[in-house]
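First up is the structure itself, then whatever we jot down about it.
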2 protein chains.
Amino acid sequence: MPGGRMGAGWGGRFRGCGYRMTIPRQIIMKVLSGTDKHLSAEDIYMKAHKTNQDMGLTTVYRTLELLMQMGVVVKFDFGDGRARYELTEGTKSKHHHHLICTSCNRIVEYTDFMDEEMEFLKRAEKGLSKKHKFDIKSHIIQFYGLCDKCKKKK
Amino acid sequence: MPGGRMGAGWGGRFRGCGYRMTIPRQIIMKVLSGTDKHLSAEDIYMKAHKTNQDMGLTTVYRTLELLMQMGVVVKFDFGDGRARYELTEGTKSKHHHHLICTSCNRIVEYTDFMDEEMEFLKRAEKGLSKKHKFDIKSHIIQFYGLCDKCKKKK
DNA sequence: ATTGATAATGGAAACCATTTTCAATAAGAA
DNA sequence: TTCTTATTGAAAATGGTTTCCATTATCAAT
């Protein structure tokens, strides 16, 4: 993929869902596509703001809301009071889940057990979709506990 | 178990963690033990308030924070702006997970696939604990998507 | 039982991420 | 180009959660 076109191609996706493609939305997609981190709304706003000075934080929230409904983005809550967002179909990053320390809020990504996990998830999603008539777009798996340091501190 | 003693026995647990057992904490434990729903802080406050008029909302938040650190309670975020809390070792309710509609916020509990899930989780927790030196206390699994109604609406 | 150090409490005010409002602007079909 | 209508940004409002602080309660040591 040649550089400079990241985030392109999303126009059809938006229009297909009955929405318009706009400059702010393009920029936001570019930011989301260009990272492998979990960004907060403000993180995204700040990155986008560098490209387009007129970008407003409100638009970021509105677009994220849209993207979530489109199933393109997942929202995470790690318990620190601000939500994080991530593309579901991340081309950049490996599929991963999170370990969260309930004491210091440290977040560890892990990619272990992914094979088992994916297999389990595939079966579960299929079964749950059918039984509960849900159109499942994404999922979250998080483990909570005490990290090494906090364990010793106590 | 004879009635009227629900929530008792927690004193040791608190003291064991270096905290004191107090009336408000007893009442909060009673509320949490006595429900199989996911209560918000305010839900808990209102229930507790019936037993003890002096109960303050601040104390509920503080106690929940404590219980989370103790690994006794899990905090859920279903995306409606208020967190929900639930005992991890629920004697009342079956272990379950959640399906959440990203459009209307409807929450469906499911207990299907629990056997596979439990098996997977057991292995994952053991492996992750060792590898990342985490003391895992609880976990969250949530599926997001569109419920039957919202699917048709579009 | 009494004491005393200090953890815990409640109420009000502060915080701050997220929403709402609204007039101005831009997208895209005709 | 024109017109309809979705989208936008800024500021204000919202509301769940935290912080502050003076008062009260717990519980280990006496």
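The values are calculated or read from the model by the stated rules, or taken from the named source; none is laboratory data. Quick caveat, the model's predicted, so the values are computed rather than measured. Note: ideal-geometry Cβ built from the backbone for every residue, glycine included; neighbour counts use all protein chains shown. What goes into the accessible areas is simple: the full protein's heavy atoms, side chains included, and nothing from ligands, DNA or RNA. Shrake-Rupley method; radii C 1.70, N 1.55, O 1.52, S 1.80 Å.
If I take the rotation axis that carries chain A onto chain B, which residue of chain A has the nearest beta-carbon, and at how many angstrom?
A:Asp77, 2
Could you work out how far helix A:57-69 tilts from the main Cα principal axis of chain A, as a 0 to 90 degree angle to the nearest 10?
Between the helix axis and the principal axis of chain A, the angle is about 70 degrees.
Indicate the gyration tensor shape class of chain B (rounded, prolate or oblate), computed on the Cα atoms with a ≥ b ≥ c the square roots of the eigenvalues: a/c under 1.5 is rounded; otherwise a/b larger than b/c is prolate and the rest oblate.
Oblate, since a/c reaches 1.5 and b/c is not below a/b.
Count charges around B:Arg25 for me, please; just the other residues with Cβ under 13 Å from its Cβ, Lys/Arg as +1, Asp/Glu as -1.
Charge balance in the 13 Å sphere: +4.
Once you order the gyration tensor axes a ≥ b ≥ c over the Cα atoms, which shape class does segment A:94-154 get: rounded for a/c under 1.5, otherwise prolate or oblate by comparing a/b with b/c?
Verdict is prolate for segment A:94-154.
How far is helix A:114-132 tilted off the main Cα axis of chain A, in degrees rounded to 10, range 0 to 90?
So the helix axis and the longest Cα principal axis differ by about 70 degrees.
For chain B, what does -39500 (n - 2.57) per DSSP helix run (n ≥ 4), summed and divided by total residues, give at 222 nm, in deg cm²/dmol to the nearest 500?
Dividing the helical sum by the residues of chain B leaves -13500 deg cm²/dmol.
Determine which residues of segment B:59-78 fall in the zone a paramagnetic label at B:Arg20 would reach in this model, i.e. backbone nitrogen under 16 Å from the point 7 Å along Cα→Cβ.
Residues passing the 16 Å test: B:59, B:63.
Of the heavy-atom accessible surface of segment A:94-154 (probe 1.4 angstrom), what whole percent is carbon and sulfur?
52 percent
Can you bin segment A:1-90 into rounded, prolate or oblate? Criterion: square roots of the alpha carbon gyration tensor eigenvalues sorted a ≥ b ≥ c, rounded for a/c under 1.5, prolate for a/b above b/c, oblate for the rest.
Rounded.
If you check each cysteine of chain A for another cysteine whose beta-carbon is under 4.7 Å away, which ones come up empty?
A:Cys17, A:Cys104, A:Cys150
Which residues of segment B:120-154 show a drop of at least 50 Å² in accessible area when all protein chains are present, compared with their chain alone (probe radius 1.4 Å, heavy atoms only, ligands and nucleic acids excluded)?
Output list: B:Phe120, B:Leu128, B:His132, B:Lys133, B:Phe134, B:Asp135, B:Ile140, B:Phe143, B:Tyr144, B:Leu146.
Sorted from shortest, what are the nm distances separating the label point of A:Asp80 from equivalent points in the other copies, each placed 7 Å from Cα along Cα to C-beta?
Label-point separations across copies, in nm and ascending: 2.8.
Over the protein assembly as shown, give the accessible area per residue in Å² for a 1.4 Å probe, as an integer.
On a per-residue basis, 55 Å².
Would you work out what percent of the accessible area of segment B:1-89, with all protein chains in place, is carbon or sulfur (probe 1.4 Å)?
That fraction is 48 percent.
Using only protein heavy atoms and a 1.4 Å probe, how much accessible area in total is buried between A and B, to the nearest 100 Å²?
Rounded to the nearest hundred, the buried surface is 4200 Å².
Any chance you could give the angle, 0 to 90 degrees and rounded to 10, that helix A:41-51 forms with the longest Cα principal axis of chain A?
40 degrees
Assume the label is 7 Å from Cα along Cα to beta carbon: what separations in nm does B:Gly56 have to the matching positions in the other copies?
3.9
If the label for B:Cys17 sits 7 angstrom from Cα along the Cα-to-Cβ line, what are its distances to the same label in every other copy, in nm to one decimal, shortest first?
The projected label point of B:Cys17 is separated from its counterparts by 3.9 nm.
May I ask you to list the aspartates and glutamates whose Cα is less than 19 Å away from that of A:Lys30, ignoring any residue fewer than eight positions away on the same chain?
A:Glu42, A:Asp43, A:Asp54, A:Glu65, A:Glu86, A:Glu89
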